[in-house]
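Here is the structure we will look at.
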Amino acid sequence: MTDFDNKLLDILSRVFRIDQGEITDNLKRKDFEPWDSMAHLMLISEIENEFEIFFEDEEVVDIWTVGDLKKILNQKMSP
Amino acid sequence: MNEILESVRKDPSYLSLWSAYKKIQDLDLKAPEDDTNTVRLAVIGSTTLEPLAACVDIKTRLEGFHVETFVGGFNTYRQEILNKSSDLYKVKRDVIILSIDAWSILDKMFLSNFVRMSEKDRQATQKELVEDILSIVSNLESTTSALVLVNNLVVPVFTPLGVVDNKQKIGLRRFFEGANILLAEKLEKNSRIFLVDLDAVAGAFGKTRITNWNTWYRGSIPFSDEFTPILADEYVRYIRAMKGRTKKCIVVDLDNTLWGGIIGEDGIEGIKLGNTSPGIEYVEFQRSLLSLYNRGIILAVCSKNNPDDALRVFREHPSQVLKEDHFAAMRINWQNKAANIEELAKEINIGLDSMVFLDDNPVERAQVSQVHPEILVVDMPKNPRLYREMIESLNVFDVLSITSEDIARGEMYVGKRKRTELERSATSIEDFLRTLDLKVRIKEVSDFDTPRVVQLIGKTNQFNLTTRRYSDVEVSNYRKSSDAAVYSMTVHDKFGDEGVVGVAIVKKKGGDWWIDSLLMSCRVIGRSVETAFLAKIVADARKAKATRIIGEYVPTKKNPPAADLYERHGFGMPTTSDAGVTSWILNLDEQTIDVPEWIELIEE
C-alpha cells in the first residue's frame, strides 16, 4: 500500500469510526449510518487539508461510495 | 471509553476529537451516580456547532468529567430558548454555550452599506445588536440555572474604510469594539452569564485563520479545524473553574528557574538576574508570578540548595522581585523533591492536586510526577526566555469570581507562618489558641458575601462534611426559603483577617434542623472555630424551638479531616444509609455546644 492509501484509510476509519479492514470500495453513503451529512463534510475537508486539493460542490455531492471518492481523488492527484 | 480518551491524548487533532466524540456518543454511557462529576452541556447558536460541541465535550472528559452534550440545530437557538419543551430543557443544564455570530444578526447588506450609514444609524444598529444578544442571554438566565457562556464579537480585519477606519467616530472596527464594551459592561455584575472573549482568543490565534471558507460555505461551520480545539480550550476554562478544578499553588525551583545559574557555584554576583539579557527573562518571569500571587495564587519554594545561599538572593539581590514574604512555605534542602512537596502541601494545607510544579530539571520533574501524578508538573521550555510565556498561557488558575479573600491570600499565609511559629513555642494547644485573640463572626449570608460563599461551596474539599456543590442560584434559593438558612463565618485573629472562611446550610423540618452542608476553608483548621460555628447553629435552633440537630457526613477521598466533627461535639446515634451518608443526632433537650472560651463570637 502506498503512503497515499494509508492516509486515506486512516481518515476514512476515523471519520466513520470503523476498522480500516472494514472499509471497501463498495461502502455506500446511503446504507451506512455513520456517513451522514456532517461526516461527509468532515471527510471532504480532512481530505482537502491532508492532500492540499480542493473539491467543487458538484464533486462533493457526487461522491456516493468509497470507490467514487478514490476515483475522483486519483483524477485530482495525477499530474 | 478510556481507550478512546487515551487516543485523543496521543493525538489531540480536530479529527481525533470529533471521532472520539462520535464513538462515545455511540456507546450511550450512563451517567455516574456521583453528580459532582457530571457536566450537562448544551451548545446552541446561529451556525453548525457540532464540531465545537464535540471538542468541548471531549476536552471536558479529558479533565475527568462525565459529559452529556446537547447540540442545537442550525440557527434554531431562538426557538430552542423560547420553547420550554425543546430538547434544550430536557435535562437541567449545567453549562450553556451560546455561540453567536454577529453577521447572522446584522442585516445582510450591513457590510456593503456601512460606509453610507450615518453616524446615528451606526450607533442605533450597534445598540440594537447588543440589546438583541442581551435579551437572548437574559432569557436563558431566567429559564435555566446553567452557567451561560456567550461570546463577544470578532472585530473584523477587513474594513471598507481602510487605514482611516478609526478617523470616523464609529468606523467598522469601532462598531464591533464598542459593541463588545457594551456587552461587557452590561454583564459585568452578572454571576451566571459570562462573556467569552472570542475576539481575544481569535486574535491570539490569528483572525485570518479562524474560518475555513470551504467548510463555512458548504456547511456553515464557523471555525476552522485548527481553531475549533483552541476555542474549546477557552470554554473548558470556565467549566473547570465552575467545578472547582482550580490550581491554587505554584511550587518553584530556584536555580535556573527563578534565576539563571546555580547560586551555590556562581555566587550572588554570578547568577543571571538583572535588567539586561541574560537575566531580564528571569526578572520578567518573576513579575508574572508576582501578578498571580497578587491575585491569590499561593507560592512555595522547593529547591536543592544550602538554605543560607539561596535565602541570601531573596534578601540581598537588588533585582530579585519575589521576596521571602511572598512564599507561604519553603523547602530548601537536599531531600528528594517529591517528599518535600508532600511536606509543603501539608504545611500550606492544600491538596496535592491543587499544586503546579515548575522546575527546569526534567529528572526532578519526572520524579515528582511519578510519585504524585495528581500534581500538574509543567513541561518547562529549555529556553528561559519562554518561561514567562509558559506561565502566562498555562490557564489553570481560573475562578469565576475574584473575591477580596483572593486578593489578600498572600498576606494571610504570612500570618499563617507566624501562627505556626507561635504554636511551636506554646506549651499547650489551648494556650496557643488563647494568645491568638480569635474573633468569629457568624451570620446569615448577605448579598455581599454570596459570591465568596458560592466560591467556598464550589472548591472546599477537605473540611467539608457533605461536599454538596451548589450553584449561585441554588444558594440564593436557600437564602430566600423560610425552611432553610445559609450561614457564613468570618475569622479574625491578631495576625490578620481571614475573611469569609466557613459556610453552613441548614434545612429546617419541623423540630429537626438538618445540617445539609458545613464546610470550612483549610486555612482555619485547628483553631476550634468549627465549635463556635456549631454553637451558633445550636443557639439559633433553640431560639426557633427546634429539638434536634441532625448532621450529615458523606465520606470522600479528601474529607477525612472532617470525619469526626459530629462525634467530637457530642452528636450520637449515627446511622448510615445505603448511599454512604452517615447522620448524627444532637438532642437539644439533653445536650448543647458552647463557644470555646478563647473565641469571641460576634453576632448580628
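Under unit Cβ charges (Lys, Arg +1; Asp, Glu -1), what dipole magnitude, rounded to 20 debye, does the range A:3-77 have relative to its Cα centre?
180
Taking a point 7 angstrom from the Cα of B:VAL91 along the C-beta vector, which residues in the range B:2-36 have backbone N less than 18 Å away?
Answer for the range B:2-36: B:2, B:21-36.
Using θ = phi - 60° and the Karplus curve 6.51 cos²θ - 1.76 cosθ + 1.60, what whole-Hz ³J(HN,Hα) does each residue of the range B:566-576 get, with Gly and Pro shown as x?
Couplings: 5, 4, 4, 9, x, 5, x, 6, x, 10, 10 Hz.
Find out how many positive minus negative residues lie around B:LYS545, taking Lys and Arg as positive, Asp and Glu as negative, among other residues whose Cβ is under 13 Å from that of B:LYS545.
Summing Lys and Arg as +1 and Asp and Glu as -1 gives +1.
Within the range B:249-392, what percent of beta bridges assigned by DSSP are antiparallel, to the nearest 5?
Counting DSSP beta bridges with both partners in the range B:249-392, the antiparallel share is about 5 percent.
Treat the count of other C-beta atoms within 10 Å as a stand-in for reagent exposure and order B:TRP213, B:TRP259, B:TRP584 from fewest to most.
B:TRP213, B:TRP584, B:TRP259
What distance in nm separates the simple spin-label points at B:ASN587 and B:ASN166, each placed 7 Å from Cα in the Cβ direction?
7.6
Around B:LEU106, under 11 Å between beta carbons, what's the net of Lys plus Arg minus Asp minus Glu among the other residues?
On the way: positive: B:LYS108; negative: B:ASP101, B:ASP107, B:GLU128, B:ASP132.
Charge balance near B:LEU106 sits at -3.
Which FRET efficiency, nearest 0.05, do B:SER425 and B:THR556 yield, Cβ-Cβ r, R0 41 Å?
Calculated value: 0.70.
What do you get for Rg/Rh over the range B:192-335 if you use C-alpha atoms and the Kirkwood form of Rh?
Details: Rg = 21.3 Å, Rh = 18.4 Å.
Expressed as Rg/Rh, it is 1.16.
Beyond 37 Å, what share of the Cα-Cα pairs of chain B remains, rounded to the nearest whole percent? Before the final figure, lay out each step's value.
Numbers: 81218 of 182106 pairs.
Above the 37 Å cut-off, chain B has 45 percent of its Cα pairs.
What does the charge add up to near B:GLU392, with Lys and Arg as +1, Asp and Glu as -1, over the other residues with Cβ less than 11 Å from its Cβ? Before the final figure, lay out the partial values.
Values: positive: B:ARG287, B:ARG388; negative: B:GLU284, B:GLU389.
Charge balance near B:GLU392 sits at 0.
Hey, which of these cross-link pairs are over 23 Å Cα-Cα: B:LYS30/B:LYS507; B:LYS416/B:LYS439; B:LYS346/B:LYS418; B:LYS92/B:LYS558; B:LYS10/B:LYS346; B:LYS207/B:LYS248?
Too far apart for the 23 Å limit: B:LYS30/B:LYS507; B:LYS92/B:LYS558; B:LYS10/B:LYS346; B:LYS207/B:LYS248.
Compute the relative contact order of chain B as a whole-number percentage, counting only Cα pairs closer than 8 Å that sit 6 or more residues apart in sequence.
Relative contact order of chain B: 9 percent.
Tell me, what HN-Hα J-couplings in whole Hz come from the Karplus equation 6.51 cos²θ - 1.76 cosθ + 1.60 at θ = phi - 60° for each residue of the range B:496-513, using x for Gly and Pro?
My calculation for the range B:496-513 gives x, 9, 8, x, 6, 10, x, 9, 9, 10, 10, 10, 9, 10, x, x, 9, 9 Hz in order.
FYI, it's all coordinate maths here, none of it is from the lab. Note that the structure is predicted; figures quoted are calculated from it, not measured. As a convention, Cβ positions derive from the backbone with ideal geometry for all residues, glycine included, and neighbour counts pool all protein chains shown.
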